[in-house]
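Working notes, structure below.
What follows draws every value from the coordinates through simple rules; no lab data is involved. No experiment lies behind these values; they were computed from the predicted model shown. Note that we place each Cβ from the backbone using ideal geometry, even for glycine, and neighbour counts take in every protein chain shown.
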Amino acid sequence: MARKVIDNPNHCSLVHAMNIIGGKWKPIIIYILANGNLRFGKLLIFIPTISKKVLTEQLRELEEDGIINRERFAETPPRVEYSLTEVGEALLPILRQLSEWTAASFEDVEFEACKIVDV
């Protein structure tokens, strides 16, 4: 499936950012990887409602955009781990702030504590 992007003829930085991290799953994947390297199967456990196909697509796009690293290990059986790049780690304070804004702005909703390391 082709990546859906917002047309950006004026080269707006916010539109560009949304083309990179926008969507349903990418911020969640980034937030989960804040805890350290994870294999594909672990990501599926942490995000049980995502399909394998969609997770694969989202990971590829995040890797293309330099947000995550994909490291292949020459082992039998083969092993792949995903981690955040420096660019990806720079997003963590922004995502934490978004999480805090949500909790403060929607006090009538009970949120489960996000399992992420402090940044």
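How do 3, 72 rank when sorted from fewest to most other Cβ atoms within 10 Å of their own Cβ?
Lowest to highest Cβ neighbour count: 72, 3.
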Can you compute the helix-only [θ] at 222 nm over the chain? Use -39500 (n - 2.57) per DSSP H run of at least 4 residues, normalise by all residues, nearest 500 deg cm²/dmol. -13500 deg cm²/dmol
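If each residue of separation counts as 0.36 nm, what is the full-extension length gain between residue 60 and residue 80 once their alpha-carbon separation is subtracted? All intermediate terms of the calculation are to be shown ahead of the outcome.
On the way: separation 20, 0.36 × 20 = 7.20 nm, distance 1.27 nm.
Net length gain for the segment: 5.9 nm.
Does the chain come out rounded, prolate or oblate, given a ≥ b ≥ c as the square roots of the eigenvalues of its C-alpha gyration tensor, rounded meaning a/c under 1.5 and, failing that, prolate meaning a/b above b/c? The partial results should precede the final answer.
Details: a/c = 1.73, a/b = 1.18, b/c = 1.47.
Oblate, because a/c is 1.5 or more while a/b does not exceed b/c.
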Long-range HN-HN contacts of residue 68 with modeled amide H, under 5 Å: 63, 85
